[in-house]
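What follows is a single structure, written as structure tokens, with notes after it.
The values are calculated or read from the model by the stated rules, or taken from the named source; none is laboratory data. No experiment lies behind these values; they were computed from the predicted model shown. So basically every Cβ, Gly included, is an ideal-geometry build from the backbone, and we count neighbours across all protein chains shown. The accessibility values were calculated without ligands, DNA or RNA, using every heavy atom of the protein model including side chains. Shrake-Rupley method; radii C 1.70, N 1.55, O 1.52, S 1.80 Å.
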Amino acid sequence: MSDEQGQRFETRAIHAGQPPDPSNGAVCTPVYFTSTYAQSAPGVHQGYDYSRVNNPTRFALEQNLAALEGAKHGVCFASGCAATAALAHWAGPGSHMVVCDDVYGGTWRMFEQVFALADRRYTFTDLTDPDAWLEKVRPETRAIWIETPTNPLLKIVDIAAIAARAKDRGLKVIVDNTFASPYLQSPFELGADVVVHSCTKYLGGHSDVVMGAVLTSDDAIAEKIRFINKSTGGVPGPMDCFLVMRGTKTLAIRMREHEANARVVAEWLARHPKVEKTIWPGLESHPQHAIARQQMRGFGGMISFVVKGGLEAASRLLSTCRIFTLAESLGGVESLIEHPAIMTHASLPAATRQALGIDDGLIRISVGIEHVDDLLADLERALAAA
Ligand SMILES: *Cc1c(COP(=O)(O)O)cnc(C)c1O
């Protein structure tokens, strides 16, 4: 996990892209609240001309995120969805993508209900089998879209196996690395061409900002994505960039705590008599546990479980939790709990949810970094009420 200079992840997280300000020594990159930049003569400036195109705070964050993923280029967007949309624009009219079936609900909605109307085609398929998707490839297929771990079923897709097959066919491999974060998974080392993030989640880490990013070492893709970014204008403001930069500095220690707490909670849930099934990639019972071990440096802080008693039991449980806040989203320091069928995945048709296995008793938790005993006590109270 070290870069060309031999710096480890934790060091890069704190220093990459943000040397002390040369003009005054400020250790933290300032928030450059400016929309425009003085030019000394027409067209002569210091690299910045207008803040939709770039801004020094955003530039620092883009360098930082690129260093964390081990990519040459980083481009930040106003949200994870805006980053995803840029890649849909990049694929171009007439193009086709093979997409992981258990993909983020908003990604599914955007592809099927926005970009399908703009002459893009998508085939959603289970990518846990690294060969089954090959028969879906068409002459106009441009890329394969992987999300791993998936949401909310936490399926693990073998990135290296898929990337090897995609390379042979000239397809680009895009990985949504939001759930794992760059601390736990490095898609570029496994053969990915593009990584996309919702920085709203673990990168920001404090549930106080919405942002997205596209990372790549492919110069042609980076140029196109940057062009789309400035032309369509879905860019983040400098304050948001500052907040995400503050977030990445503690990403490593936060992920270690998320992971340690999640392990205790997952093992506890797996033994609980009111829980039918517990899904966490770190459990040996997880169907792709071996792949997770191989391609991830840890199993992350997301757990899904099925409570006995279906929708009614799930509703009682969800309204009884106190420390686990009933809310969408994930990846912040505070523990969150939610019901995918009603909340995050309501945009999927009921039949699709059923086919995927998102049933009414399924609950997803984002394990925060509170004291784990308080989390267990909260869940015990809620399960007793279920
Ligand atoms: C949240 C999320 C997104 C979308 O990001 P926003 O910042 O909410 O637009 C995309 N992919 C995954 C896996 C997510 O969790």
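One table, with the values for the structure above:
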| read-out | value |
| --- | --- |
| Qualifying residue in the stretch 216-228 (condition: among the charged types (D, E, K, R) and crowded, with 21+ Cβ neighbours inside 10 Å) | no |
| Filter result for Val244 (of a type in the set (A, V, I, L, M, F, W, C), within 16 Å of the ligand (Cβ to nearest atom), at pLDDT 95 or above and in a loop (DSSP other than H, G, I, E, B)) | no |
| Test: Ile156 is more than 20 Å from Ala78 (Cβ to Cβ), touching a His at 6+ places or on another chain (Cβ under 9 Å) and within 16 Å of the ligand (Cβ to nearest atom) | yes |
| Listing of helices (runs of 4 or more DSSP H) fully contained in the stretch 37-120 that carry 1 or more residues being among the basic types (Lys, Arg) | 56-69, 105-113 |
| Residue match in the stretch 164-178 (condition: closer than 26 Å to Ile342 by Cβ and within 14 Å of the ligand (Cβ to nearest atom)) | yes |
| Within the stretch 179-191, considering residues that are open to solvent by 10 Å² or more (accessible area, probe 1.4 Å) and within 16 Å of the ligand (Cβ to nearest atom), the one nearest to Arg297 (Cα to Cα) | Tyr183 |
| Test: residue in the stretch 57-65 that is in contact with a Cys (Cβ under 7 Å, 6 or more places away or on another chain), open to solvent by 10 Å² or more (accessible area, probe 1.4 Å) and either within 16 Å of the ligand (Cβ to nearest atom) or at pLDDT below 95 (or both) | no |
| Any hit, the stretch 117-134, residues being under 19 Å from Gly300 (Cβ atoms) and either in contact (Cβ under 8 Å) with a residue 12 or more places away in the chain or open to solvent by 40 Å² or more (accessible area, probe 1.4 Å) (or both) | yes |
| Subset tally (residues that are open to solvent by less than 10 Å² (accessible area, probe 1.4 Å) and within 12 Å of the ligand (Cβ to nearest atom)) for the stretch 192-207 | 7 |
| Qualifying position, being in a loop (DSSP other than H, G, I, E, B), over 29 Å from Arg316 (Cβ atoms), touching a Ser or Thr at 6+ places or on another chain (Cβ under 6 Å) and open to solvent by 30 Å² or more (accessible area, probe 1.4 Å), among Val235, Val210 | Val210 |
| Residue match in the stretch 88-96 (condition: over 22 Å from Gly212 (Cα atoms) and hydroxyl-bearing (Ser, Thr, Tyr)) | yes |
| Tyr104, sole failed condition from (1) modelled with pLDDT under 95; (2) more than 24 Å from Lys155 (Cβ to Cβ) | (2) |
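Per-residue answers, yes or no, for (1) more than 17 Å from Gly17 (Cα to Cα); (2) touching a Leu at 6+ places or on another chain (Cβ under 7 Å); (3) in contact (Cβ under 8 Å) with a residue 40 or more places away in the chain; (4) in the same structural domain as Val194 (by TED's automatic domain parsing):
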| position | (1), (2), (3), (4) |
| --- | --- |
| Ala220 | yes, no, no, yes |
| Lys224 | yes, no, yes, yes |
| Lys230 | yes, no, yes, yes |
| Val235 | yes, no, yes, yes |
| Leu243 | no, no, no, yes |
| Glu259 | yes, no, yes, no |
| Ala262 | yes, no, yes, no |
